[in-house]
Every structure is written in structure tokens, then in C-alpha cells.
Amino acid sequence: IIEKSNSLYSSPSLLRVKASGKFNLIVNYTNLNNLIVLLMNIFLI
């Protein structure tokens with residue numbers, strides 16, 4: 001289920017049409033990855 005969210009852990013996503021006509025779900029996890037690295041550094045100190 002995909003729904004709108006303002007959570008710190010949400011990631012933007014979109015559907016891309018492939019040449020075959022099928023769809024790819026693309027999710028940008030860049031912000032989530034940065035948050036995880038930040039949290040790991042906080043807990044390791």
C-alpha cells in the first residue's frame with residue numbers, strides 16, 4: 001500500500017514504464033540512508 005506521508009522515514013517513489021510496457025517501482029532512499037548513518041554515528045559514540 002502506498003500512501004502520502006510526512007514521516008522522517010518516508011521516501012519518494014514513482015512508477016516508470018519500461019520499454020516492454022511493464023512498470024518499475026523506483027524509490028529514492030537517499031534521505032533515509034543519510035538518516036540511518038546519522039543515527040548510527042550517534043549511537044556508536
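Remarks
- Unique match (being exposed (fewer than 10 other Cβ atoms within 10 Å of the Cβ) and either among the acidic types (D, E) or assigned to a strand (DSSP E or B) (or both)) among L8, L25: L25
- Among (1) touching a residue at least 12 places away in the same chain (Cβ under 8 Å); (2) surrounded by 10 or more Cβ atoms within 10 Å (Cβ to Cβ) - the single one L39 does not satisfy: (1)
- The numbered conditions (1) in contact with a strand residue (DSSP E or B) (Cβ under 6 Å, 6 or more places away or on another chain); (2) part of a helix (DSSP H, G or I); (3) of a type in the set (A, V, I, L, M) are all true for L38 except (1).
- Any hit, the stretch 13-21, residues being part of a loop (DSSP other than H, G, I, E, B), under 14 Å from the mean Cα position of the chain (by Cα) and among the hydroxyl-bearing types (S, T, Y): no
- Check on S20, modelled with pLDDT of 85 or more and surrounded by 10 or more Cβ atoms within 10 Å (Cβ to Cβ): no
The values are calculated or read from the model by the stated rules, or taken from the named source; none is laboratory data. Remember, it's a predicted structure, so these values are computed and weren't measured experimentally. Here the Cβ is made from the backbone with ideal geometry for all residues, glycine too, and neighbour counts use every protein chain on show.
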